[in-house]
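Nothing in this text is a laboratory measurement; each read-out follows from the coordinates by a stated rule. Treat the numbers as computed from the prediction; the structure is a model and nothing was measured. We place every Cβ from the backbone using ideal geometry, glycine too, and count neighbours over all the protein chains shown.
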Amino acid sequence: MAYTARILKIIITILCHFWVGILKMLLTRQHFPLATSMRNAFEELGPAFIKFGQFLSIRSDLIGHERAKVFETLQDKAPRLEFTIVKKLVEQSLSAPLDELFTSFERNELASASISQVHRAITKEGKAVAVKVQRPEAAALLKGDVALFISLASFLSRLSFINQHIDFVEFAKEIESSCSLELDFRREGEIAERFRRNFKVAPRPKIPKIYWELTTSTILTSEYISGSKISERTSTDCWQYEELALDGALIFFRQVLAHGLFHADLHPSNVLITDGGEIAYVDFGIWGELSNEERHNVFGALAGLISRDSVIALRHLEGLGVKVTEASRDSFVADISKLIDYALPGELADVDMARIGRGILAAVRKNRVRIPHKYALLIKALLTIEGSARSLHSEFDLEQAAELYLKDHFNEGAPISLLSEALWRGAIYMGLAKEQISNSSF
């Protein structure tokens, strides 16, 4: 009965927002995209649909750049939990009265979202912390809706007239896996701790410390970091923006190419500028991991693009699990070649990384190429980093930052397999001396 009621609610909510969009279009005589109606419906339907919308915002290779941009503005919001409920949840999960756990616990939340609500508190040791409390209905609602996604995906995969370059079942299982991890706050704490261990030298982001004695699967207690969002910066401290933009890019390159663990949700709410002028990462619910072999192929694909060799670029893309059919191979290679000519002019400083990222996803979509979700996530994270850096410093050049990283950090633990033909070609094209490469301790 509850299952049927949920399906009816989903259908009614989507139809209502669709007809609201039609009405707005008729009244204003302006185009109202269907994706906007879907985004609004997803916001109302809760955490699983919000997660689905976040996935779609990453997958412009599946739905197109303009539709993906619509889902980028999806807001994860929910009515606030009353403090009495929050207090009960914390006490039940940590098996102690609130006043025995914390010296103080603010009644008003710092943030309220579909899965959790965050409150500021002071520990018994006098440390300021952020306490993330999972909503009591979140797990059941997420699991129920994800089960619906998987059933629908299985049905769609059996329909011959549906676009078969999309693996609906795999896509639904990616959402299921992500939701499962996001419901276990201990996993998020472990990822934050790994980031803290990885960054031992500057430039490095400030990562909140996890208080494990005050953390469970449904409660996450971490160091409270005071700072402002990038969008809230003031003109009085603009002298440091250029340096912060560069540091932010170098930090990201180290995550991907040296550590193999990258923050994949670097929107403005999750990146702060601290009162001391440091970059701080918060909320580690979405991340990506790359093995040594995967990093080799990421580097090789980039080097193939930079050295203007579409064959090498394709070879490494296929090494990443990008599935190109024989029927579309020639067309895909041709599109990558055009992208190289269009987005890679003669001078490195003129390279447009954002155009490269969008161009790859456009070529993937046009030729019905299948790309694993984690690499779409990586491209999206790279584009987000470039946008954030340019919001700090309008003349920021991501490509020059990449060149600086390669020159200054060649011995930072990258795997030996990076010394491939493609890396040599790309590194030489970027002006790296052979002595630098051969003397590097990967």
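Overview of results
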| read-out | value |
| --- | --- |
| Burial ranking of peptide ranges 85-92, 57-64, 132-139, 200-207 (average Cβ count within 10 Å, highest at the top) | 57-64, 132-139, 85-92, 200-207 |
| For peptides 288-297, 119-128, sequence by mean Cβ density within 10 Å, most packed first | 288-297, 119-128 |
| Extended-chain gain in nm, criterion 0.36 nm per residue less alpha-carbon gap, Phe155 and Glu193 | 9.7 nm |
| Protection proxy ranking, peptides 377-390, 4-17, average beta carbon neighbours within 10 Å, highest first | 377-390, 4-17 |
| Segment Thr28-Ala202, extension gain: residue separation times 0.36 nm, minus the distance between their alpha carbons | 57.4 nm |
| Calculated P(r) tail over 15 Å for segment 2-72, as whole % of Cα pairs | 57 percent |
| Assigned charges on the beta-carbon of Lys, Arg, Asp, Glu; segment 208-327 dipole about Cα centre (debye) | 320 debye |
| Segment 146-221: mean projected area of Cα convex hull, nm² | 7.3 nm² |
| Gain upon complete extension [Lys366, Arg186; 0.36 nm per residue less C-alpha separation] | 60.8 nm |
| Segment 91-126 residues near the modelled Asp275 label - backbone nitrogen below 17 Å, point 7 Å along Cα→Cβ | 120-123, 126 |
| Residues Thr325 and Ser226, FRET efficiency given R0 of 56 Å [Cβ-Cβ distance, rounded to 0.05] | 0.60 |
| Estimated distance in nm for a label pair at Phe18 and Lys143, the labels positioned 7 Å out from Cα along Cα-to-Cβ | 3.1 nm |
| Calculated FRET value between Glu395 and Glu44, using beta carbons and R₀ = 35 Å, to 0.05 | 0.30 |
